[in-house]
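Novice: One structure follows; several queries about it will come next.
Laboratory data are not the source of any read-out in this text; all were calculated from the coordinates shown. Since the structure is predicted, the reported quantities are computational estimates derived from the model, not experimental observations. Reconstructed Cβ throughout: ideal geometry from the backbone, glycine too, with neighbour counts over all protein chains shown.
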Amino acid sequence: MILHRQPPAHPGMSIADVDTPSLLLDLDAFERNLRQLPASLPSNRTRVRPHAKSHKCPQIALRQISAGAAGICCQKVSEAEAMAEGGVRDIHVANEIVGESKLAALAQLARDVRISVCADDARNVERLEAAAARADVSLSVFVELDLGTQRCGVTPGEPLLTLARKIAASPHLRFAGLQAYFGSAQHRRTVEERRSAAASTAQTANSARALLAAHGIACPLITGGGTGTYLFDVESGGLDEVQPGSYVLMDADYARNETTGGLRPFEQSLFVWTTLMSRPAPGFGAVDAGLKALSIDSGMPLVCGNPGVDYVRAADEHGVLRFTDPGCPLAVGDKIKLIPGHCDPTVNLHDWFVCCRNDRVEALWPITARGAIR
Ligand SMILES: *Cc1c(COP(=O)(O)O)cnc(C)c1O
């Protein structure tokens, strides 16, 4: 009998008995975040399309749709496949997809569910058209705008017009609008910095819309925005649809964003559950959650409920704790909650969300799009 890949818990269990390292989802906080996103929007004219790369779990995507979302975003075709398999019917791939096998898979997916994708390159649009023709489907294509972030996108000017016309003239493609996502602005710390980034997004988006209109090209929708800027994006009047992802789970990095001026922060609902496996000296210890259980690209995880303890270093299998309060009573075998630095890549390391309410396990949700990197 193979036991080594069994889930770390079963429903009904006390969280004290959940095996570690594992991912806990606090259902009360999660459900409040689910409701808060649509409620935070000033009018119901703005559509919500949460980004599923944060949670990679169809069970969560379906709950976001029940809470009013038009559909979800994915970043990769294989992520979109996992979501479609899990019952999601409307998926925007908020990214450029390049390469024949990926394009074939994308077009195949469009036979079963509503699919849209981004483009910023004429040759890629030709390959998209060919793949859609071969699969006998119609694909909705958004042109991604370059917002000065030096990642992807075309400049709103002649390159935008040329590409939009090319998409509109492709028999199996539909020009669906624009994507204006200012990724690097999401974690700018002050409200003022994020508000001003959103104002510049809106300016670019609106001038692109006006340019298209001046040339007789209708722009059905402008989509973009993440957890850090979506409210300012809506306030600036640049976007018709917002794509926050992290909001439903949150992480230590997002918690460092300032939320003054009436902004209501989302709650931490995601935790890494870990065991203290060694405390060789009063000032040091090690837990069983290292790089294979959490990601540190956006900083070290925070230790919950133990103010005198810091997670200072991650090795493959170990996390090193420093006890600034040597009298801290934590002993070998005790379990603690960590708040991961960055939710998306942390979730990508786990097979299951262990969903808890009041310290009881209520459900286990499989993270079926984990590892879906293609
Ligand atoms: C990552 C991403 C988002 C969501 O960002 P969060 O910061 O997790 O809210 C939205 N749109 C695009 C295109 C993204 O890449």
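Novice: HIS92's amide H: which non-local residues (gap 5+, or another chain) put their own amide H closer than 5 Å, with H modeled 1.01 Å from N in plane and none for Pro or chain starts?
Specialist: Counting only residues 5 or more places away or on other chains, the set is ILE72, CYS73, CYS74, SER116.
Novice: At 20 °C and a viscosity of 1.002 mPa s, what translational diffusion coefficient does Stokes-Einstein give for segment 13-90, taking Rh as the Kirkwood radius over Cα pairs? Give it in µm²/s as a whole number.
Specialist: 154 µm²/s
Novice: Okay, next question. State the dimensionless ratio Rg/Rh of the chain (Rg: radius of gyration of Cα atoms; Rh: Kirkwood radius).
Specialist: Dividing the radius of gyration by the Kirkwood radius yields 1.01.
Novice: Using only alpha-carbon positions, what ratio does the radius of gyration of segment 70-168 give when scaled by 2.2 N^0.38 Å?
Specialist: My calculation over the Cα atoms of segment 70-168 gives 1.04.
Novice: If you take the Cα Rg of segment 226-271 and divide it by 2.2 N^0.38 Å, with N the number of residues, what do you get?
Specialist: Working it through for segment 226-271, the quotient is 1.19.
Novice: So, one more: Cα to Cα, under 17 Å, and not fewer than 8 places away if on the same chain: which aspartates and glutamates meet these conditions relative to LYS337?
Specialist: Qualifying aspartates and glutamates at Cα under 17 Å: ASP17, ASP19, ASP26, ASP28, ASP251, ASP253, GLU267, ASP288, ASP310, GLU317, ASP359.
Novice: Sticking with this one: Once the Cα atoms of helix 100-109 and of the chain are each reduced to a long axis, what angle between those two axes, in degrees from 0 to 90 to the nearest 10, is obtained?
Specialist: Helix 100-109 sits at roughly 90 degrees to that axis.
Novice: Where does the charge balance sit around LEU25 when Lys and Arg score +1, Asp and Glu -1, over other residues with C-beta under 15 Å from its C-beta?
Specialist: Charge balance in the 15 Å sphere: -2.
Novice: Among MET13, MET250, MET83, which comes first, then next, by fewest other beta-carbon atoms within 10 Å?
Specialist: MET13, MET250, MET83
Novice: Further, regarding this structure: So what is the orientation-averaged projected area of segment 289-347, using the convex hull of its C-alpha atoms, in nm²?
Specialist: The directionally averaged projection comes out at 3.9 nm².
Novice: In straight Cα distance, which lysines are under 16 Å from LYS56, not counting same-chain residues fewer than 8 positions off?
Specialist: LYS76
Novice: Please rank ASP146, ASP233, fewest neighbouring Cβ atoms within 10 Å first, as an exposure proxy.
Specialist: Ascending Cβ contact count within 10 Å gives the list ASP146, ASP233.
Novice: Now for a separate question. With a bin width of 5 angstrom, please list the P(r) values of segment 86-233 as percents of all Cα-Cα pairs, from the 0 bin to the one holding the largest distance.
Specialist: That works out to 2, 10, 19, 21, 18, 14, 10, 4, 1, 0, in percent per bin.
Novice: Right, another one. Mind pulling the angle between the C-alpha long axis of helix 27-40 and the longest principal axis of the chain? Nearest 10 degrees, somewhere in 0 to 90.
Specialist: For helix 27-40, the angle is close to 30 degrees.
Novice: Can you tell me the 0 to 90 degree angle between the C-alpha axis of helix 158-168 and the longest principal axis of the chain, rounded to 10?
Specialist: Around 80 degrees separate the two axes.
Novice: Roughly what % of DSSP beta bridges within the chain run antiparallel, to the nearest 5?
Specialist: 50 percent
Novice: Next question, about the same structure. Among ARG89, ARG5, rank each residue by its count of other Cβ atoms within 10 Å, from fewest to most, as a rough exposure measure.
Specialist: Fewest to most other Cβ atoms nearby, the residues stand as ARG5, ARG89.
Novice: Under Stokes-Einstein, with the Kirkwood radius over Cα pairs standing in for Rh, what whole-number D in µm²/s applies to segment 173-331 at 20 °C and 1.002 mPa s?
Specialist: Stokes-Einstein gives a translational diffusion coefficient of 116 µm²/s.
Novice: Hey, what's the Cα Rg ratio for segment 225-315 versus the globular rule of thumb, 2.2 N^0.38 Å?
Specialist: In units of the 2.2 N^0.38 Å rule of thumb, it is 1.40.
Novice: Let me ask something else about it. What does the charge add up to near PRO220, with Lys and Arg as +1, Asp and Glu as -1, over the other residues with Cβ less than 11 Å from its Cβ?
Specialist: Net of charged neighbours comes to 0.
Novice: Something else now. Go ahead and estimate [θ] at 222 nm for the chain from helices alone: -39,500 (n - 2.57) per DSSP H run with n ≥ 4, summed, over the residue count, rounded to 500.
Specialist: Rounded to the nearest 500, it is -8500 deg cm²/dmol.
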